[in-house]
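Asker: Can you keep this structure in mind? I'll have questions shortly.
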């Protein structure tokens, strides 16, 4: 329990529908069947971790993390693959609690950094300010090449 009736716990099989809904909230249309397939691949992979934020007994957010190995130096780092809190639950401390869980996992694994990418869209400005408030620094510019392998 984190406070304010907030609990951060590992994702479970019964969370798949909520995870699909959260991906939609994040702006990535996802069916429950698609999320089930993704979850099946993630749940037992040792380099992936998914945590759920529960507020007042309702799934309210999630964070998906990936352990990575540096190419450019020794050690490992954690990347945030997905982070989302339902709009109705924002500003209650859930995002902060989820990022603290990422920090705790990174420390437990001996990771040197936590990498978090966020889109350069106007609607992300508030999120960017939130990340900076929690100690994340804007450091890189990301590029994406779409290969259109998946419908």
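Asker: Any residue that is modelled with pLDDT of 95 or more, farther than 27 Å from residue 129 by Cα, out of contact with any helix residue (DSSP H, G or I) (no Cβ under 6 Å at 6 or more places or on another chain) and not in a strand (DSSP E or B) - is there at least one of those in the range 83-97?
Answerer: no
Asker: Which of the residues spanning the range 102-118 are assigned to a loop (DSSP other than H, G, I, E, B) and touching a helix residue (DSSP H, G or I) at 6+ places or on another chain (Cβ under 9 Å)?
Answerer: Of everything in the range 102-118, those that are assigned to a loop (DSSP other than H, G, I, E, B) and touching a helix residue (DSSP H, G or I) at 6+ places or on another chain (Cβ under 9 Å) turn out to be 111, 112, 113, 118.
Asker: Just the residues that are farther than 16 Å from residue 116 by Cβ and buried (at least 16 other Cβ atoms within 10 Å of the Cβ), please, taken from the range 54-81.
Answerer: Selection gives 54, 55, 59, 60.
Yes/no per residue for (1) touching a strand residue (DSSP E or B) at 6+ places or on another chain (Cβ under 9 Å); (2) in a helix (DSSP H, G or I); (3) within 24 Å of residue 134 (Cβ to Cβ); (4) in contact (Cβ under 8 Å) with a residue 40 or more places away in the chain:
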| residue | (1), (2), (3), (4) |
| --- | --- |
| 22 | yes, yes, yes, yes |
| 28 | yes, no, yes, no |
| 34 | no, yes, no, no |
| 44 | no, no, no, no |
| 50 | yes, no, yes, yes |
| 61 | yes, no, yes, no |
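Asker: Among (1) in contact with a helix residue (DSSP H, G or I) (Cβ under 9 Å, 6 or more places away or on another chain); (2) at pLDDT below 95; (3) crowded, with 16+ Cβ neighbours inside 10 Å; (4) assigned to a loop (DSSP other than H, G, I, E, B), which single condition is residue 131 missing?
Answerer: (4)
The values are calculated or read from the model by the stated rules, or taken from the named source; none is laboratory data. As the structure is a prediction and not an experimental result, all values here were calculated from the model. Every residue, glycine among them, receives a Cβ derived from its backbone with ideal geometry; neighbour counts consider all protein chains shown.
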